[in-house]
Amino acid sequence: MKKALFFLAFVFVAPWAFGQAATTKTEANSDAAVFSWDSQSFDFGKIKQGVPVTHEFKFKNTGKTPLIITNVQASCGCTTPDWTRQPVAPGATGFIKATFNAAAMGGFNKTVTVTANSEPSVFYLTIKGEVAQQIQ
């Protein structure tokens, strides 16, 4: 009987508790910075071996507070990121650059992880292509 009462109490209390947490989170983040990306992936196609290539991902802060990028991390040492380091005001634009060192032959698919004070707080940008000796 005690187990049944405990179970019933849990069934009625748990949704209320989780519902409150979700409401609080939504209310707390309604003023968060928001990334609006032009694109989150880029295909270089075929590129020449030994020649680094760069793509600039552009974004706009469509939120209500300044967007602050706290970290940008490439998935490997062959990709070097650069980014807007100052806070991006609401309505302003910024960039994330990904430079790929095309040293090894073959296809590639690399990820750049962007962490910021935005909602959501983590974004994944992707670059891909194929490194060839001769480009026709």
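No value in this document is a laboratory result; all are computed from the given coordinates. Predicted model, so just to flag it, every value in this text is computed and none were measured. Cβ: placed from backbone, ideal geometry, glycine included. Neighbour counts: every protein chain shown.
Cross-link pairs exceeding 20 Å in C-alpha to C-alpha distance, out of 46/128; 60/128; 58/110, comprise 60/128.
Between residue 42 and 126, 127, 128, the built amide H atoms are under 5 Å apart, and every one of these is 5 or more places off in sequence or on another chain. Spin-label pair residue 43-residue 73: with each label point 7 Å from Cα along the Cα-Cβ axis, the two points sit 2.9 nm from one another.
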